[in-house]
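For reference, the structure discussed in these notes is given below.
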Amino acid sequence: MPGDISKHTNYIIKLPYPEPKIEIQNVQYANLLLEDYAGAVSEFTAINLYVYQHIVSEGNYDDYAELIGGVSMAEMKHLELLGETIKLLGVKPIYINSACPPGELWSPIYVNFTTHIKEMLREDIQAESKAIETYKYHISIIGDKYIKQLLERIILDEELHLKLFMDMFKKYNNII
């Protein structure tokens, strides 16, 4: 789906992603991953936020536009891996936060449409921090070793994103 991620290697950790696998189908695990896939704090929300930020910052904050565009590509890879895992778990990977019982569909209300650079970076830092926290929680309650490996690998990218956003926030905090 997201194509060749290799051109965005500055925005991912230089380790391979585990192949999506599961030990056994499990709707409860699928529900947890659907939160990561398309909940309020999710890969799908991050992609929509970061693509928006890329578009509105281009021409004004080109270093940020490049960073946020590259990070959005990494998030697309995460979305793909989670979607494939959700499907293996026996659930359709639709943009919903829970399959059983049916939850809420993803909404653009999850995206902060600010255009101020420091507010965008604060939003990015908060989103990555919350994603890391949520992934770690899900690892603690999921018993499937393959899913845990996938989430642990995704966390490595999210930690890199957090560092990159914090570094850029320091830069803009000093000049604006």
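The values are calculated or read from the model by the stated rules, or taken from the named source; none is laboratory data. No experiment lies behind these values; they were computed from the predicted model shown. Cβ: placed from backbone, ideal geometry, glycine included. Neighbour counts: every protein chain shown. Ligands, DNA and RNA are excluded from the accessible area calculation, which covers all protein heavy atoms including side chains. Shrake-Rupley method; radii C 1.70, N 1.55, O 1.52, S 1.80 Å.
Tell me, please, whether a residue that is in contact (Cβ under 8 Å) with a residue 60 or more places away in the chain and out of contact with any helix residue (DSSP H, G or I) (no Cβ under 9 Å at 6 or more places or on another chain) can be found in segment 107-121. So that I can check it myself, show each step before the final result.
In the first step, residues of segment 107-121 are kept if they are in contact (Cβ under 8 Å) with a residue 60 or more places away in the chain; the result is 108, 110-113, 117, 120.
Checking which are out of contact with any helix residue (DSSP H, G or I) (no Cβ under 9 Å at 6 or more places or on another chain) leaves us with none.
Checked segment 107-121: no residue is in contact (Cβ under 8 Å) with a residue 60 or more places away in the chain and out of contact with any helix residue (DSSP H, G or I) (no Cβ under 9 Å at 6 or more places or on another chain).
How many residues does segment 48-81 contain that are of a type outside the set (Asp, Glu) and open to solvent by less than 20 Å² (accessible area, probe 1.4 Å)?
Our first condition is that a residue be of a type outside the set (Asp, Glu); within segment 48-81, this holds for 48-57, 59-61, 64-65, 67-74, 76-79, 81.
Still in the running and open to solvent by less than 20 Å² (accessible area, probe 1.4 Å): 49-50, 53, 57, 64-65, 67-72, 74, 78-79, 81.
Here the count works out to 16.
Can you go through 10, 26 and tell me which one is surrounded by fewer than 18 Cβ atoms within 10 Å (Cβ to Cβ) and among the polar types (S, T, N, Q)?
Working: 26 fails: surrounded by fewer than 18 Cβ atoms within 10 Å (Cβ to Cβ).
The unique qualifying residue is 10.
Criterion first (open to solvent by 80 Å² or more (accessible area, probe 1.4 Å), closer than 21 Å to residue 28 by Cα, modelled with pLDDT under 95 and not hydrophobic (A, V, I, L, M, F, W, C)) does residue 133 satisfy it?
Details: open to solvent by 80 Å² or more (accessible area, probe 1.4 Å): yes; closer than 21 Å to residue 28 by Cα: yes; modelled with pLDDT under 95: no; not hydrophobic (A, V, I, L, M, F, W, C): yes.
When the stated conditions are applied, residue 133 does not pass them.
Test residue 61 against the stated conditions and say whether it is in contact with a strand residue (DSSP E or B) (Cβ under 8 Å, 6 or more places away or on another chain) and either among the polar types (S, T, N, Q) or modelled with pLDDT of 95 or more (or both).
Values: in contact with a strand residue (DSSP E or B) (Cβ under 8 Å, 6 or more places away or on another chain): no; either among the polar types (S, T, N, Q) or modelled with pLDDT of 95 or more (or both): yes.
Against the criterion (in contact with a strand residue (DSSP E or B) (Cβ under 8 Å, 6 or more places away or on another chain) and either among the polar types (S, T, N, Q) or modelled with pLDDT of 95 or more (or both)), residue 61 does not qualify.
Being among the acidic types (Asp, Glu), under 23 Å from residue 106 (Cβ atoms) and not in a loop (DSSP other than H, G, I, E, B) is true for just one of 35, 66. Which residue is that?
Details: 66 fails: under 23 Å from residue 106 (Cβ atoms).
Of 35, 66, the one residue that is among the acidic types (Asp, Glu), under 23 Å from residue 106 (Cβ atoms) and not in a loop (DSSP other than H, G, I, E, B) is 35.
If only one of 175, 154, 132, 139 is free of Cβ contacts under 8 Å to residues at least 60 places away in the same chain, among the aliphatic types (A, V, I, L, M) and under 18 Å from residue 44 (Cα atoms), which one is it? Break it down into steps so the answer makes sense when it comes.
Working: 175 fails: under 18 Å from residue 44 (Cα atoms); 154 fails: free of Cβ contacts under 8 Å to residues at least 60 places away in the same chain; 139 fails: under 18 Å from residue 44 (Cα atoms).
Result: 132 is the single residue among 175, 154, 132, 139 that is free of Cβ contacts under 8 Å to residues at least 60 places away in the same chain, among the aliphatic types (A, V, I, L, M) and under 18 Å from residue 44 (Cα atoms).
Mind listing whichever residues of segment 88-104 are over 16 Å from the mean Cα position of the chain (by Cα) and modelled with pLDDT of 95 or more? Write out each step before concluding.
Here is the first cut: in segment 88-104, the ones over 16 Å from the mean Cα position of the chain (by Cα) are 88-92, 98-104.
Residues satisfying the conditions are 88, 89, 90, 91, 92.
Pull up segment 82-112, narrow it to residues that are part of a helix (DSSP H, G or I) and β-branched (Val, Ile, Thr), then point me to the one that is most open to solvent (accessible area, probe 1.4 Å).
Keep residues of segment 82-112 that are part of a helix (DSSP H, G or I), which gives 82-88, 108-110.
From what's left, β-branched (Val, Ile, Thr): 85-86, 109.
Values: 85: 1, 86: 0, 109: 142 Å².
Only one residue fits best here, namely 109.
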